[in-house]
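Have a look at the structure below before the remarks.
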Amino acid sequence: MTNLKAILVCVLLLFSLAKVQAQIIQVTEIDRGSSRSISLAEAQIIDINASLEINLSKTELLKMIAEQYPQYTQQTALESKINAISDALLNQEAILNSLILGVENVESQQQFFDLMELFLMTIGENEMLSQRYEILSEAYFNLENHETLNMEAYIFSRFNADALELKEQLKLMEATKYNVSLVAFKKDKLGGDRVHVQNFDTYTERDYVTIERWVTSLSDSQEEQIAGLAEKAKTNEAKTLRIFESLKTKLITYLPNLDCVQAQKENLMTLLNNPETYGDLTADITLQANELFSRLNALSSMVTAFKSDIGSWTITTPFELKTNLENFSKNSKHLTEDFELLESLSKAIERLRPKFDQLFQGFEPCVLEFEAYFKVVQETLTLLKLQQSNYIVNKTIGDEVHRFSIDNLPSKGFINLKGTGSRTNGDELVLEVVLRVPSTLEGAPEQQFLLEQRSFYMQLIGARSEVAVGMILANPIGSTNPAIDPARSFFYAPSASILLKFGSKSSYFYNEFVDLGVGLNFAASDFDTDGTPEFGTGLVVTGFKDIISFGINYNVTLDEPYWFFGINLPFNLPGLPINSVKN
Amino acid sequence: MNFKRTTIIPLDDAELAKQLFDAYLNKEFMILMIILGDTDSIRKALPKADNLATKSYYGMERWVLWIRNHDVLESTLRPLLETNEQDETLVYEDVKCFSTSPILDAATGVILKNAELNYLSLQRSFFKAQSHDTGLINDVNNSL
């Protein structure tokens, strides 16, 4: 009985939440036996090892389709009515069973009243159903034999008949039928991967990985697992945004250097305007030289425009590769042809040869350099296109994803995050509800529209341990030990820490930036500088992703206490011989 | 108006009104619905309440009392309504319908003046009252 009341309270709460937030996707996190509904108002942080129950609100879904796609107004209006009736009649069998069986124990009666309250409340929330209930009740009491007929059974049967009639009307509608799918993706530093949602797709789960909460070292099997996953990560890298961006940078770097082209343009112009050679230049040579000059100009403009164009490319928007490559190829070929033609024309005039030889000496390496650049550009451009294709394929809804009509859309889906393969704190899980409309043109792909997206940040919530390795700067406290050089204040020492950390389910700032850790530190300092490390241990506090650490240790070998700090930057800074932090 | 399970409380005899009310309230296993006031909407709702009172769930009887004026049984109804668990800040004059539970006679299923009196709200009021004492049924049955 208590459980049923709790369920009723939860349902009421869900109803009120749904009213405030009006979202299609409602997510409940199930973690270590407890469940938590994640509303939009709170931080979208989920435990990295949790399971998720995903509820889709058909009411909100239909409302959104009707709002955003008016061409489906009639269809969604009918479907909304069917859905409202189905929602109200959800517990009709249980209610009727209670009444028909007439069990008079407390639990059974309480269940009946709770379910009736839910039924009447659902009816009351919908104007169309309220009006219908009124008509049906009136009709019931007007029946001659109503005293022998169960009122609830009569009302349920009429509502069921209404639903069937509406479904018939829906079938007869000559509108384009649409479908709805739920898809999930995981986004991490390496790019992303699709995630299996039970009831909504037939994707197989990825490697089953539980992110260990209490880590003190890496076992052999874990190392193998990581190596295996790293290998897979390499494959996945092919689909990443990051790779795409780095390829873009590479492409810009390898685009032909315009200094060489600029210098050749100047040399050519100087030669053409030189009074010593001016008289010897034939009309053919002048024409060809001008042609070459224009070619160099065009090439220069093309490279500049191309560089600016690349900056605007994104992994999601298609870009034109063929034209760019053709332009490059054409210009490169013409440049060589123009150059060779000018060379042959100039050879015919003996007096011009020294001047032109000088020009050609500069030209040849420039052309070769350009050709080499072109080859790299060609390869990089092909790779870029491949990255984009892979990314788009990854985002494309595969055949494994089921498509549902509103009527048969499952109300629940489940994701087991442990079955999503390798993941780390800070990775994202994205859920999307997509409207899929078949194309009206034969053979054309279906149209897909994103109806709602929810994104969650994965984090190991609660206490966990981590191992961090880094360099510390140790300062002996009030040391009188003659073995320790008094001229030095700080000694570098490699150290390892076992840290206790906490993941927050409410603060991104804490998880992503503050990330405090407390624990034990073990350091191998060499205070007496004899080349043999001493053993020291003590307490350490770390912050900002272990970049800064501070603590007090005791040098057990020399019986010397010392305090220390460490700065473990995630990058190398000249003059700071401190390694970066390794977790 | 031809009611089957509705009693109209007299306005001109306070003592009789009190006696009638107490008699119904003290009846065992009866869910009482009290309708207060005399407006068009109340007159339209009364046959509906009367109809619903003919229904019985798990052997509990239903009855409707129509008290056409808030003043008649104010001294009895006001303290009764103050015990309701639905809303402690309830204003007596704003209430147009409520029900009492079959065993404890607790006031519940309150419908305010600004709400509609229809089959849905009246049925909810009856069910809330009956549901209020469900936990006591076994105890009462055992003591009988």
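Observations on the model:
- Residue satisfying all of: in region B:101-121; touching a helix residue (DSSP H, G or I) at 6+ places or on another chain (Cβ under 6 Å) and outside any loop (DSSP other than H, G, I, E, B); surrounded by the fewest Cβ atoms within 10 Å (Cβ to Cβ) among these: B:L112
- Restricting A:E93, A:E138, A:E67, A:E147 to residues that are at pLDDT 90 or above and part of a helix (DSSP H, G or I) narrows the list to A:E138.
- Residues that are touching a helix residue (DSSP H, G or I) at 6+ places or on another chain (Cβ under 9 Å) and part of a loop (DSSP other than H, G, I, E, B), drawn from region B:14-41: B:E28, B:F29
- Residue match in region A:209-225 (condition: of a type outside the set (A, V, I, L, M), modelled with pLDDT of 65 or more, surrounded by fewer than 18 Cβ atoms within 10 Å (Cβ to Cβ) and more than 28 Å from A:F502 (Cα to Cα)): no
- Failed condition for B:D71, given (1) under 14 Å from the mean Cα position of the chain (by Cα); (2) outside any strand (DSSP E or B): (1)
- When region A:127-155 is filtered for residues that are more than 9 Å from every other protein chain (Cβ to nearest Cβ) and closer than 22 Å to B:G59 by Cα, the ones remaining, listed by number, are A:N145, A:T148, A:L149, A:N150, A:E152, A:A153, A:Y154, A:I155.
- Screening the candidates A:F550, A:F564, A:F535 for the property of being modelled with pLDDT of 90 or more, in contact with a Ser or Thr (Cβ under 7 Å, 6 or more places away or on another chain) and of a type outside the set (K, R) yields one hit, A:F535.
- Members of region A:481-513 that are farther than 30 Å from A:G426 by Cα and free of Cβ contacts under 8 Å to residues at least 12 places away in the same chain: A:P482, A:P486, A:A487, A:R488
- Complete set of residues in region A:476-518 that are at positive phi and either outside the structural domain of A:Y562 (by TED's automatic domain parsing) or surrounded by 15 or more Cβ atoms within 10 Å (Cβ to Cβ) (or both): A:D515
- Considered as a group, the residues in region A:112-126 that are part of a helix (DSSP H, G or I) and touching an Asp or Glu at 6+ places or on another chain (Cβ under 9 Å) include one that is nearest to the other protein chains (Cβ to nearest Cβ), and that residue is A:M116.
- Some residue of region B:122-141 being at negative phi, away from chain A (no Cβ under 14 Å) and outside any loop (DSSP other than H, G, I, E, B): no
- Subset of region A:164-208 (residues that are modelled with pLDDT of 80 or more, part of a loop (DSSP other than H, G, I, E, B), open to solvent by less than 70 Å² (accessible area, probe 1.4 Å) and not aromatic (F, W, Y)): A:H196, A:V197
- Considering residues of region B:58-84 that are modelled with pLDDT under 90 and within 14 Å of another protein chain (Cβ to nearest Cβ) only, the residue surrounded by the fewest Cβ atoms within 10 Å (Cβ to Cβ): B:G59
The values are calculated or read from the model by the stated rules, or taken from the named source; none is laboratory data. From a predicted model like this one, the values you see are computed outputs, not experimental measurements. For neighbour counting, all protein chains shown are included, and Cβ atoms are generated from backbone atoms with ideal geometry for every residue, glycine included. With ligands, DNA and RNA removed, areas are computed over all heavy atoms of the protein, side chains included. Shrake-Rupley method; radii C 1.70, N 1.55, O 1.52, S 1.80 Å.
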